[in-house]
Amino acid sequence: MSGFLLWLISTILLVAVGLTVTYRRIDLKTSTITLGIALLAYAFFSGSHWSWLILLWVAFGALVAVNLPAIRRERISSPMLKLYKSMVPTLSDTEREALEAGTVWWDGELFSGQPDWSKLTSLPAPQLSEEEQAFLSGPTDELCRMLNDWEITHELADMPKKTWDFIKKQGFFAMIIPKEYGGLEFSPLAIAMVLAKISSKSVVAASTVGVPNSLGPAELLLHYGTQEQKDRYLPGLASGKEVPCFALTAPRAGSDAASIPDTGVVCKGEFNGEEVIGVRLNWDKRYITLAPIATVLGLAFKLYDPDHLIGDEEERGITAALIPTDVDGVEIGRRHFPLNIPFLNGPTRGKDVFLPIDCIIGGPEKAGQGWKMLVELLAKGRGIVLPANAMGGGKAAVCSAGAYTRIRQQFNMPVSNFEGVGEALARIAAHTYTITSAVTVTATAQCRGEDPAVPSAILKYHCTEMGRKIANDAMDVHGGKGIMLGPNNYLGRGYQAIPIAITVEGANILTRSLIIFGQGAIRCHPYVLHEMEAAREPDFEKALHDFDRYLFAHIGAAMSNAARSFVNALTHARYSNIPVYGSTARYYQHINRYSAAFAIAADVAMLTLGGALKRKEMLSGRLGDVFSSIYLASMVLKHYEDQGRPAADLPLVEWSCRNLMYQAQEQLHGFLRNFPNRPVAALLRVLIFPRGRTYSAPSDELGQKIVQLITHPTETRERLCHGIYMHPPEAGNPLGQLQEALEMAEDMVPLEKRLRDAVKAGVIRDEEMPKQIDAAEREGVLTGDEAARLRVFDSKVMELIAVDDFDGAELAQKSPKRPRRKKKAATKSAKAA
């Protein structure tokens, strides 16, 4: 063997050893010993030039020095700590509270670059209790049966009184309230399933039910209220006697909720004939759901204590309080009209409203902790209500679009047979599968005690955005049927409502560009938050000890992620560890690859851009998209396992995962193209895409397989549509009627074929279907029974594809009298001193 070949083989083996210990995240001491032995062998066998060996031994000596804590801290960690303090921006109290909200779950594993799949696979499959299932099939079905969307949205601009009474009586507002206070005490999964079913029938009803079971007075009381407050309010909220709302958004403070201008001043005043210490409140809020009829108003405001009546601090910060709306100075009653979706939403104002100090949720001890309360609860509720509504809307779209395009014919064949229509149908079905996976798996984690803050933001953003795509595609395949409003339109109002979900609970643009990665980069990263906490430690020796530990763990993880990203990209991750084998195994491996790629990209971005990354919203948005894609793909795989790995559903799993992995690839590519430090971007591209971008979007063939699954009454379609109001096929239930027509269409296939053949042969010359059926019966092409069945089917199809028309006078509604702003009469003496 030639000297050069021996040197080359030895060098490759040495590099392989280095890559292996780095890839496997072997601890520092073991890695040093392993590399030392490898270097000795290399020096002995490779025949390398002495100068090259000296360089290698010097590098190895530096590695040995790193193993010595005293030297490492003095020479490396101490200067790095000082530099770190100068680079890392100071966190405000509100930012720190937002970062500390909720828990870190599977998102933390993905951020590590080496996900431990057992943390996800050990999660039990979603399971409702018997009581929860009975509520779904009982009161929830009954509510859906009562809902007439045209009556609600066009004729009344509200739900009928009997519907309101039913909602209150059956406890729909009390799903989160414990039984001891008269509530239902349902799990997050049950709440999501209830909302999904309602949203498949009425967006107004779903919004109305969702808000009291999310961020509102009940949730705040349960977590932070005093026992006296709980005893006072929760039974009334559970029974429906009290109607809650929560007022946060102000005209000058929307997404920047921490800058709310509404104030409360601690002072002495008269209340119920006695002088007490209380709060004088002034506010101006808008976009508040249920505010027009609320009896209990949760309020976020800035509290001031100029006379130090409850403590030494004058500015106490954001505080949350409960305001009975029947006290003097409270204004409610006016309504907003959000895109023709008339759920009760409106402004509220307060002028010199005085209440005792115990109106503060949790009492005066909780003064100034309102922002912490809000972000902690938002971390939980944001991942349930709007994603569940998107799930219900998506399932309804699969049900309606799959059936409608099958029974609607053009050019003598179902429109679902056209590839352009099929392309949209595949997207509808796969996006719905992704949403369903994310909602059910994440809600199950919440049932087990997790409150994953970053995944809740991922679900809020991506489920509502996929809901928007689903609505667009469903409208496209329905054509004119979808755009003509009226009692027969089951798509229009849901389509109109989409921007509402996009906007509320944190506008989607902000959620994507600032929260998913901005919060995730610190909250979910295994080391960054610990490093920041160490840097804030006033005791330098303690700070140095902690910082040193986390810094070198961070460096080791970053090096490992660089190696893992490079190796997995070269090998297409074929040798990475996964929890399952079979048809979905490769997708687990792809997630492993992109987890490492994302982790190294995030680390490099934070290292090179520092605090400036916070302002590079397009870069952080792309990183957030990568993180979201691998999270959602892992939810799809877990959902598939939870459902028993039905082979028929594989096209949906494959389309969803391939689409998400393709998005991850393209967003990483966009991140690298726009990264300001071009040499660093070039190095990252070598680590992430050494073979170029090799992932492709879902194929047309795969999409057509999905079309066949949802345009016929298959088990896959049944699983995908499960949980919406689809049965029975009665008047007022278009989804049930469409499903019935779809099932009938299967039986009509041979009859329709005979009829077409007879028309082609000239036996039947009529153009209209009813006349063709009559002629077919006369000519013996169809028996009397067959002709009767075909007539029933044709009549049902014509009913379902019918659109509404109106007399012009019906549409020219009289302009209603503008309602006056409702100012509650004073029932309590509330004169501020």
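The values are calculated or read from the model by the stated rules, or taken from the named source; none is laboratory data. In this text the structure is predicted, and so the values were computed from the model without any measurement. Every residue, glycine among them, receives a Cβ derived from its backbone with ideal geometry; neighbour counts consider all protein chains shown. We work out accessible area using only protein heavy atoms, side chains counted, and drop any ligands, DNA or RNA first. Shrake-Rupley method; radii C 1.70, N 1.55, O 1.52, S 1.80 Å.
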*Dipole-positive endmost among Val580, Asn568, Leu650 within the chain (Cβ charges, Cα centre)*: Asn568
*For the chain, give the percent of accessible area contributed by carbon and sulfur heavy atoms, probe 1.4 Å, rounded to a whole number.*
55 percent
*Under 16 Å from the Cα of Lys638, which lysines turn up, not counting those fewer than eight places away in the same chain?*
Lys119
_From zero outward in steps of 10 Å, how is the percent of C-alpha pairs of region 569-686 spread across the bins?_
13, 42, 27, 14, 3
*May I ask you to compute the full-extension gain from Ile483 to Asp757, defined as 0.36 nm times their residue separation minus their alpha-carbon distance, rounded to one decimal in nm?*
95.2 nm
*What lysines sit close enough to Lys85 to cross-link, taking a C-alpha to C-alpha distance under 22 Å and skipping anything fewer than 8 places away on the same chain?*
Lys542, Lys614, Lys616
*Kindly provide the GluC sites (Glu not before Pro) of region 761-797 that DSSP labels as loop, not H, G, I, E or B, and whose Cβ sees at most 14 other Cβ atoms within 10 Å.*
Glu767, Glu768, Glu779
*Cα convex hull volume per residue for region 141-296 (Å³)*: 151 Å³
_Total lysine pairs whose alpha carbons fall under 21 Å of each other in region 697-809 (8 or more apart, or interchain)_ = 4
*Please give the length that would be gained between Ala134 and Leu56 if that part of the chain were fully extended, namely 0.36 nm times their separation in residues minus their C-alpha to C-alpha distance (nm, one decimal).*
21.0 nm
*asked:* Among His308, Gly269, Phe44, whose Cα projects farthest towards the positive end of the dipole of the chain, with charges put on the beta-carbon of Lys, Arg (+1) and Asp, Glu (-1)?
replied: Phe44
*Which residues in region 561-586 have a backbone N closer than 16 Å to a point placed 7 Å from the Cα of Arg645 along the Cα-to-Cβ line?*
578-586
*If you average 1/r over every pair of different alpha-carbon atoms in region 257-317 and take one over that average, what Kirkwood value in Å do you get?*
13.2 Å
*Skip the ligands, DNA and RNA, and give the accessible area per residue of region 335-384 with a 1.4 Å probe, whole Å².*
33 Å²
*asked:* Within 15 Å, Cβ to Cβ, of Ser214, how many net charges do the neighbouring residues add up to if Lys/Arg are +1 and Asp/Glu are -1?
replied: -1
*Area of Asp284 that stays accessible when all protein chains are in place (1.4 Å probe, Å², to 10)*: 60 Å²
*Rounded, prolate or oblate: which fits region 754-803, taking a ≥ b ≥ c as square roots of the Cα gyration tensor eigenvalues, rounded meaning a/c under 1.5, else prolate when a/b beats b/c?*
oblate
*Mind listing the long-range amide H neighbours of Gly317? Cut-off is under 5 Å, sequence gap 5 or more, other chains count too, H placed in the peptide plane at 1.01 Å from N.*
Leu303
_Rolling a 1.4 Å sphere over the protein heavy atoms, what is the accessible area per residue of region 550-658, to the nearest Å²?_
32 Å²
_Kirkwood hydrodynamic radius (C-alpha pairs) into Stokes-Einstein, region 674-761, 20 °C and 1.002 mPa s, D in µm²/s_ = 119 µm²/s
*How far apart, in nm, are the 7 Å Cα→Cβ label points at Ser78 and Glu314?*
4.2 nm
*Evaluate 2.2 N^0.38 Å with N set to the residue count of the chain, then give the Cα radius of gyration divided by it.*
1.10
_Cα-Cα over 19 Å, subset of Lys179/Lys241; Lys168/Lys366; Lys161/Lys241_ = Lys168/Lys366
*When the label point is put 7 Å from the Cα of Val580 along its Cα-to-beta-carbon vector, which residues of region 605-631 have a backbone N closer than 19 Å?*
629-631
*Sorted by mean Cβ packing within 10 Å, highest first, what order do the peptides 380-392, 483-495 take?*
380-392, 483-495
_Kirkwood Rh, angstrom, region 248-365 [1 / mean 1/r, Cα pairs]_ = 14.8 Å
_Size of region 66-212 as Cα extents on the principal axes (Å, biggest first)_ = 76, 35, 31
*What is the ratio of the Cα radius of gyration of region 489-605 to 2.2 N^0.38 Å, where N is its residue count, to two decimals?*
1.52
*Rounded FRET efficiency, nearest 0.05, which uses the C-beta distance separating Thr714 from Val792 and R0 of 25 Å*: 0.60
*Above 25 angstrom, tally the Cα pairs of region 334-452 and express them as a % of all pairs, no decimals.*
57 percent
*How big is the Kirkwood radius of region 146-211, worked out from every pair of different alpha carbons and given in Å to one decimal?*
12.4 Å
